[in-house]
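Structure first, commentary second.
The values are calculated or read from the model by the stated rules, or taken from the named source; none is laboratory data. Just so it is clear, the model here is predicted, and its values are computed rather than measured. Counting neighbours? That spans all protein chains shown, and the Cβs are built from the backbone with ideal geometry, glycine included.
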Amino acid sequence: MNKTFYQTSMMSALIAGLYQGDFTIGQLLEHGDFGIGTFNDLDGEMVVIGDEVYQLTSKGEVHLVDHSITTPFASVVKFEPTIVKEELTDLNRKAFEAMLDQQYAANNAINAIRLTGEFSYVKTRTVPAQQRPYPPMVEVVKHQPIREMEHISGVMIGFKLPDYMTGINVPGYHFHFLSDDRKHGGHVSDFILSQGKFELEVFKDFHLRMPASHEFDQADLHPDDLKAAIHVTES
């Protein structure tokens, strides 16, 4: 029996400025113990590790969140890696992704990936909280803080999704970083791994939960420039 990749809302809804969620962190954790997403008002990046959910804020802070708060977009799985490769050394992001593409990833399925180790360099960005009336996400990311960290240990978790999921989620690789001391993190733009290991599991069942709001029902989720907008917001 295939295990399930569970998602609430859609990337195209975030692109359209739908930043208010109706799904609690507690409800999300019923469906997975590993994942990424964001929080109400687009307030930072999410990392799900076990039963702990971390909020990585635009101020550079990291908080454990209460399970009663809600999310407008998140994806989780119950992670039990079937592929493990240790003793990785001196890999930048491009080389790491090329290695996965050539040897391990399932290009037309969903890949959950964890990369753990010591990094000589990590570049992250973290979106700031928004207020109504919400601006489009392509405008929000123009003002997001960028952070560059050197010689830091931590974990990158995320997914590689097929191109046909464009708009439903983010196609390609999408990682969030959390340092071992739980003081730093964000959406990963680039990195250089000094030494570490990766773990991977492939998922072929997908469950999409759509928000129950009138705002979602009436939104334009298929603009002509959707693919370009996702590239701008996730690069």
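The figures follow:
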item	result
Strands (runs of 3 or more DSSP E) wholly inside segment 1-97 containing at least 1 residues that are aliphatic (A, V, I, L, M)	34-38, 45-49, 52-56, 62-64, 74-77, 83-92
Subset tally (residues that are touching a helix residue (DSSP H, G or I) at 6+ places or on another chain (Cβ under 9 Å) and more than 12 Å from A74 (Cβ to Cβ)) for segment 23-46	1
Candidate set: segment 1-49, residues that are more than 20 Å from L178 (Cβ to Cβ) and of a type in the set (V, I, T); chosen: the one modelled with the lowest pLDDT	I15
Members of segment 108-139 found to be among the β-branched types (V, I, T), out of contact with any His (no Cβ under 9 Å at 6 or more places or on another chain) and crowded, with 20+ Cβ neighbours inside 10 Å, listed by number	I110, I113
Single residue of segment 87-107 satisfying the filter (within 18 Å of E234 (Cβ to Cβ) and without any contact (Cβ under 8 Å) to a residue 60 or more places away in the chain) that is surrounded by the most Cβ atoms within 10 Å (Cβ to Cβ)	D101
Residue in segment 15-35 that is at positive phi, in contact (Cβ under 8 Å) with a residue 24 or more places away in the chain and of a type in the set (D, E, K, R) present	no
Filter result for I83 (surrounded by fewer than 21 Cβ atoms within 10 Å (Cβ to Cβ) and under 30 Å from Q195 (Cβ atoms))	yes
Residue within segment 41-54 that is in contact with a Gly (Cβ under 7 Å, 6 or more places away or on another chain) and acidic (D, E) present	yes
Qualifying residue in segment 148-156 (condition: surrounded by 19 or more Cβ atoms within 10 Å (Cβ to Cβ), among the hydroxyl-bearing types (S, T, Y), more than 20 Å from F5 (Cα to Cα) and at pLDDT 95 or above)	no
Residue satisfying condition, being at pLDDT below 95, surrounded by fewer than 17 Cβ atoms within 10 Å (Cβ to Cβ) and not basic (K, R), within set D205, D180, D190, D224	D224
The one condition in (1) modelled with pLDDT of 95 or more; (2) under 25 Å from I15 (Cα atoms); (3) hydrophobic (A, V, I, L, M, F, W, C); (4) over 17 Å from the mean Cα position of the chain (by Cα) that F159 fails to fulfil	(4)
Subset of segment 185-212 (residues that are under 23 Å from K3 (Cβ atoms) and in a strand (DSSP E or B))	K197, F198, E199, L200, E201, V202, F203, D205, F206, H207, L208, R209
